[in-house]
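Only one structure is covered here, and it is reproduced in the block below.
The values are calculated or read from the model by the stated rules, or taken from the named source; none is laboratory data. All figures in this text were calculated on a predicted structure; none of them were measured in a lab. We place every Cβ from the backbone using ideal geometry, glycine too, and count neighbours over all the protein chains shown. Note: areas computed on protein heavy atoms with side chains; ligands, DNA, RNA excluded. Shrake-Rupley method; radii C 1.70, N 1.55, O 1.52, S 1.80 Å.
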Amino acid sequence: MRMQDLVELATSEPPPLRYAADDIVASGQRVQRRRRRAWMASGGAAVAVLGVVAAAVAVPALTGRTQQRQEQPAAVAAQPVPATAEPFTFTFGGYRVGKLRVAQPVDVSTAYQLASVYADGLATNDKAVDPDAPGPGGPNLYAYLTVYRAGAYDPAKLTGAQQVTVDGRPGLEVTDTEHGWAVRRTLAWQYNTDAWAVLKASSDDAAYPSAKELRDLAAGLRAAPPAVAKVPVKLGYVPAGYRLDEVAVHAMTGLNGIASAREGDYAGLLFSKPGQPTTGLSVPFGGEEGDDPPGSFVVYVVPAANSNQQPSPGVTCLTGFCNRWSGGVNIQVSSGGRLTDAEMRKVLEAVTLGDVQDDSTWTPVTAAIP
């Protein structure tokens, strides 16, 4: 993972969803790597885009609106995050400790929840750079939080770790270097019985965030009222044998979605055959490179401005993916060849699109799939 491969934000090229010709493949993969490896956090940008006020952190939405899941009352925030919950339910909220703040989680799977981590006073660079070049003079930060369900995370896979304590609970900590200049810190801790959470932070400032600051941030994790992930679509057809494994709200799925969380995407749904593993994990599905998980396909719902495809009537297919356009919205099924065009067309033709501008009308994902 290369922290300094900067995520393009407002001034960047739009995110390719999936690709057909070889040149699109190469270009798209470079952009995705830049995004997932080096999404930057800064005080000024985070405040402007995320609407942070004091200790409140809200998830970005397409039109600048924020989702209705807000910082939770103190009586709720004092409760520990449950180790299990109903499928695809968010169980913690955004919070702040010192200069670091965890945004509302935007991704929930059968094994974990994902949230971006932002920081005050760190530089944001909107331009992509050579992935092998050192940083242009930060300080810069790429960080995220993964909260695993009970039994999903295997702490034995975190090699070279030293034992620490987080809020009175056992934890593991590793500090290493990426590309000879970026400091990467990984903090895993047991937030509930048999349930682990992991903070990962890569920075070109060796002193910030410090190991203590990450431990303090970890200790601030508390429960929020459970909220089932909602999406602006209903699916009328899913190929036989495929299981819903991951949902992203106002983002793409997985670490690609975390890397581009401020770009205004509407939703992503990951299906797999067989389903993705729910035990023995050390990273989210697809790994830190954001690869396609084995046996998977994804449904993306994004604004037209975030697609590298040209609007066209009906359903159009290229190699490995198909598009359907509705107004200014691109709905895409991407399978990398794991589904036939006929199957992907069938998925898209059975999609009902709701009002992407009004989260209150969105459908709980558990009711949005057949």
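A few remarks follow.
- Filtering segment 178-210 to residues that are farther than 21 Å from Thr84 by Cβ and more than 23 Å from the chain's Cα centre (by Cα) leaves His179, Gly180, Trp181, Asp205, Ala206, Ala207, Ser210.
- Every condition in (1) open to solvent by 40 Å² or more (accessible area, probe 1.4 Å); (2) over 19 Å from Ala229 (Cα atoms) is met by Gly290 except one, and the failing one is (1).
- When each of Asp359, Asp355 is tested for being open to solvent by less than 50 Å² (accessible area, probe 1.4 Å), in contact (Cβ under 8 Å) with a residue 60 or more places away in the chain and among the acidic types (Asp, Glu), the lone residue that passes is Asp359.
- Those residues of segment 296-317 which are of a type in the set (A, V, I, L, M, F, W, C), in contact (Cβ under 8 Å) with a residue 40 or more places away in the chain and surrounded by fewer than 20 Cβ atoms within 10 Å (Cβ to Cβ), in sequence order: Ala305
- Matching residues, segment 256-287, being of a type outside the set (Gly, Ala, Ser) and open to solvent by 20 Å² or more (accessible area, probe 1.4 Å): Arg262, Glu263, Lys273, Pro274, Pro277, Thr278, Thr279, Val283
- Test for Thr366: is it open to solvent by 20 Å² or more (accessible area, probe 1.4 Å), touching a Phe, Trp or Tyr at 6+ places or on another chain (Cβ under 8 Å) and of a type in the set (Val, Ile, Thr): yes
- Subset of segment 327-348 [at negative phi, touching a residue at least 40 places away in the same chain (Cβ under 8 Å) and open to solvent by 50 Å² or more (accessible area, probe 1.4 Å)]: Arg338, Glu343, Lys346
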